[in-house]
Structure formats: C-alpha cells, structure tokens
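Worksheet: one structure, shown below.
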Amino acid sequence: FNFLQYKKEVSVIANPTSHRIDPLSGELTGATGHYSKKLSDMTGLYADEISFSQAVERGGDAIIYKVSDVRPNAAHGDLIFGTTFMEPGRIGNEFFMTRGHIHAKANRPETYYGESGEGLMLLESPEGTTRVLEVLPRQMIYVPPFWIHRSVNIGSVPLVLSFCYPSDSGQDYSIIERSGGMASRIVADGSGWKEVRNSSYSPRGPLEIARVYE
Ligand code: MN
C-alpha cells in the first residue's frame, strides 16, 4: 500500500456524494442548479392559443415546472442528475408539459424515474415516429440516443420525476421549434388521455435528419 500514491489519487478524484429526493416536492438535497419555467415562458407550445392567452392573463407568472440538478463535472464521462417538478393543469384540452428537447450531442441517452404523480414521456425520432411511455411512481424510463423527449403531467397532482444523463449532452430546444412542435400532442380524453396529431407539425427533411445523426 503506497500512501503517497493514495493521497495523490484522492486529491484528483471527486468526493462521492449522497442526495435525498423528496418524492412529493422534488426537493433534492445538495442540488447546485435550479431553474423554473412560468406559463408565460411557454408561448407557442400549446395548440389552443386563446386558452393560453387567457391562462397567462389569469396568472402568467405561475411556475409550471422547475428543475433541480447536480452537475459534478462538465467533462465527458461524468453525469448530471436531478429532479423535475411539474404542476397539474391543461391549456384547453392539452396537458401541461415541458418544452422538450433533443440532446445537443444527439447520441447521448437519459433515464427518467417516476417519483410521484402520473406522467407520460412523449418521444419522437428524427424521422417523426412517436412513442408514448407512462411514467408512474417507481417506474424507470430509458430515453435512447437520438430521441426528442418531453414529459407531460396527465394527473391531477404534481408530477415529480428524477433523471440522469451524460454531462456533455447539452439541450437543443430549436429542433422542436423548427418543425412546428412535436409530431403529436397529449390531450384529455374523458378522464384519461389520448395522443393526437399536431396539425402545426412539419416533418424534418432528409438533410435535417442526416444532420441529427452526424
Ligand atoms: Mn434530456
């Protein structure tokens, strides 16, 4: 056992850490990053623009979702992990959702884990194929590389998820804006939900698809 060698290693490697998640509030102990999105930040996201304007007038500064995370090291090979808390609600018949993104390095994956509430992960491939996965408490969702992803709160209580992804992934929100939103929307259907086509959507062309896979 070489103590000097040991000391040297400890000085260059990070300290292990432990973090507690409150499944109802999404509070993450030791979180170093926080951001939140208000309804007024979500202009253009929802199909029903009149209902959206009315909801903003009624309380546009209300926070719809907030994210807490830990980013130990930006270097390739490390991880970012954290929690998302999203209020329940709808604009017209469309459920509250996150803006959605693809990773700026599109071949980076992610996991999501249901902490509380009832949610969906809406996924879309660059070619426009969609998948919808339910996220209930204690359920783990794998988002493979190259999938655009967004979470949706289909319940009547807050949706809390935890997540983990490679630290060099980055987020590209513009891919969704350029196509007029994601290919489908999640709307109320009686007491449940259904996936409907987004009439504003225009599919990506071969060049843009090729750029995603580069
Ligand atoms: Mn992501």
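Here are some notes:
- Qualifying residue in region 48-63 (condition: within 16 Å of the chain's Cα centre (by Cα), at negative phi and either free of Cβ contacts under 8 Å to residues at least 40 places away in the same chain or part of a strand (DSSP E or B) (or both)): yes
- Test: residue in region 57-65 that is closer than 23 Å to A183 by Cα and surrounded by 15 or more Cβ atoms within 10 Å (Cβ to Cβ): yes
- Taking first residues from region 93-109 that are within 19 Å of A62 (Cα to Cα) and in contact (Cβ under 8 Å) with a residue 12 or more places away in the chain and partners that are open to solvent by 40 Å² or more (accessible area, probe 1.4 Å) and among the basic types (K, R), the Cβ contacts under 9 Å between residues at least 6 apart in sequence or on separate chains come to F96/R90; T98/K37; R99/K37.
- Of all the numbered requirements in (1) out of contact with any helix residue (DSSP H, G or I) (no Cβ under 9 Å at 6 or more places or on another chain); (2) of a type in the set (V, I, T); (3) within 16 Å of the ligand (Cβ to nearest atom), I175 misses one, and that requirement is (1).
- Test: residue in region 173-186 that is open to solvent by 40 Å² or more (accessible area, probe 1.4 Å), under 14 Å from the mean Cα position of the chain (by Cα) and under 30 Å from D78 (Cβ atoms): yes
- There is no residue in region 169-189 that is of a type in the set (K, R) and farther than 24 Å from A104 by Cα.
- Matching residues, region 156-214, being in contact with an Asp or Glu (Cβ under 7 Å, 6 or more places away or on another chain), closer than 16 Å to R131 by Cβ and part of a loop (DSSP other than H, G, I, E, B): M182, A183
- Filtered by the rule that a residue be more than 11 Å from the ligand (Cβ to nearest atom) and open to solvent by 10 Å² or more (accessible area, probe 1.4 Å), region 149-172 gives I154, G155, S156, V157, P158, S162, S167, D168.
- Residue ID - surrounded by the most Cβ atoms within 10 Å (Cβ to Cβ), chosen from residues in region 1-35 that are aliphatic (A, V, I, L, M) and modelled with pLDDT of 95 or more: L28
- Residues within region 83-116 that are on the phi > 0 side of the Ramachandran plot and outside any loop (DSSP other than H, G, I, E, B), tallied: 0
- All told, L79 falls short of being within 17 Å of the chain's Cα centre (by Cα), open to solvent by 30 Å² or more (accessible area, probe 1.4 Å), farther than 12 Å from Y165 by Cα and away from the ligand (no atom under 12 Å from the Cβ).
- Any hit, region 134-155, residues being in contact with a helix residue (DSSP H, G or I) (Cβ under 7 Å, 6 or more places away or on another chain), under 14 Å from A104 (Cα atoms) and not in a loop (DSSP other than H, G, I, E, B): yes
The values are calculated or read from the model by the stated rules, or taken from the named source; none is laboratory data. None of the values given here were measured: they were computed from a predicted structure. Positions of Cβ are backbone-derived with ideal geometry, glycine not excepted, and every protein chain shown enters the neighbour counts. Note: areas computed on protein heavy atoms with side chains; ligands, DNA, RNA excluded. Shrake-Rupley method; radii C 1.70, N 1.55, O 1.52, S 1.80 Å.
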